[in-house]
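Participant: Before I ask anything, here is the structure I am working with.
The values are calculated or read from the model by the stated rules, or taken from the named source; none is laboratory data. As the structure is a computational prediction, the values presented were derived from the model and not from experiment. Neighbour counts are summed over all protein chains in view; Cβ atoms, including those assigned to glycine, are modelled from backbone coordinates with ideal geometry. Protein only, heavy atoms only, side chains kept; ligands, DNA and RNA dropped before computing areas. Shrake-Rupley method; radii C 1.70, N 1.55, O 1.52, S 1.80 Å.
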Amino acid sequence: MDEPLFGGISRREIFIERFANAFIISITMLTLLASVVQAARTGVYVHTLLGLAVCLFSAIEVRLVNWYRVGDLEPSFKYIIFMLGFSISFLCLVANMYFFLF
């Protein structure tokens, strides 16, 4: 069998990564839905492009988490993955504020 390159990960880390993936996917889908609704309401279809860009960034995040879980990435990538997750969360927050407040 193929063993992970950098050793296994604990159940706690698996739970944290799955929770992070679910959170990132849910706020990304919420932002995409908000961008489509706001674009249809106002007629400014640039909002949809922002929603699609957020989806692409979150797809990269999910793929990195999967690679980390399999063991293809070094353990030092964990902090980069968490920072990317926080930045995507902040981007979704700012995008939703832009859609509904301005």
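Participant: Go through the residues of segment 20-29 one by one and say whether even a single one is open to solvent by less than 70 Å² (accessible area, probe 1.4 Å), without any contact (Cβ under 8 Å) to a residue 40 or more places away in the chain and not β-branched (Val, Ile, Thr). Let's see the steps before the verdict.
Facilitator: Start the filter on segment 20-29 by keeping residues that are open to solvent by less than 70 Å² (accessible area, probe 1.4 Å), which leaves 20-22, 24, 26-28.
Applying the additional criterion that residues be without any contact (Cβ under 8 Å) to a residue 40 or more places away in the chain yields 22, 26.
Now drop any that are not not β-branched (Val, Ile, Thr), which leaves 22, 26.
Yes, segment 20-29 contains at least one residue that is open to solvent by less than 70 Å² (accessible area, probe 1.4 Å), without any contact (Cβ under 8 Å) to a residue 40 or more places away in the chain and not β-branched (Val, Ile, Thr).
Participant: Looking only at segment 65-80, filter to residues that are surrounded by 18 or more Cβ atoms within 10 Å (Cβ to Cβ) and in a helix (DSSP H, G or I); which one of those is modelled with the highest pLDDT? Steps first, please.
Facilitator: Taking segment 65-80 first, the residues surrounded by 18 or more Cβ atoms within 10 Å (Cβ to Cβ) are 65, 68, 73.
Checking the rest, the ones that are also in a helix (DSSP H, G or I) come to 65, 68.
On the way: 65: 88, 68: 85.
The residue in question is 65.
Participant: Mind checking which pairs have a first residue in segment 75-102 that is closer than 19 Å to residue 16 by Cα and a second that is polar (S, T, N, Q) and assigned to a helix (DSSP H, G or I), Cβ under 9 Å, 6 or more apart or different chains?
Facilitator: Close Cβ pairs satisfying both conditions: 85/21; 85/58; 88/28; 88/58.
Participant: If you don't mind, there's one more thing I want to ask. State the number of residues belonging to segment 1-37 that are modelled with pLDDT under 95 and polar (S, T, N, Q).
Facilitator: Total satisfying the criteria: 2.
Participant: Moving on to the next point. Could you say which residue among 98, 79 is more than 30 Å from residue 9 (Cβ to Cβ) and of a type in the set (Ser, Thr, Tyr)? Break it down stepwise before answering.
Facilitator: Numbers: 79 fails: more than 30 Å from residue 9 (Cβ to Cβ).
Going through 98, 79 in turn, just one is more than 30 Å from residue 9 (Cβ to Cβ) and of a type in the set (Ser, Thr, Tyr): 98.
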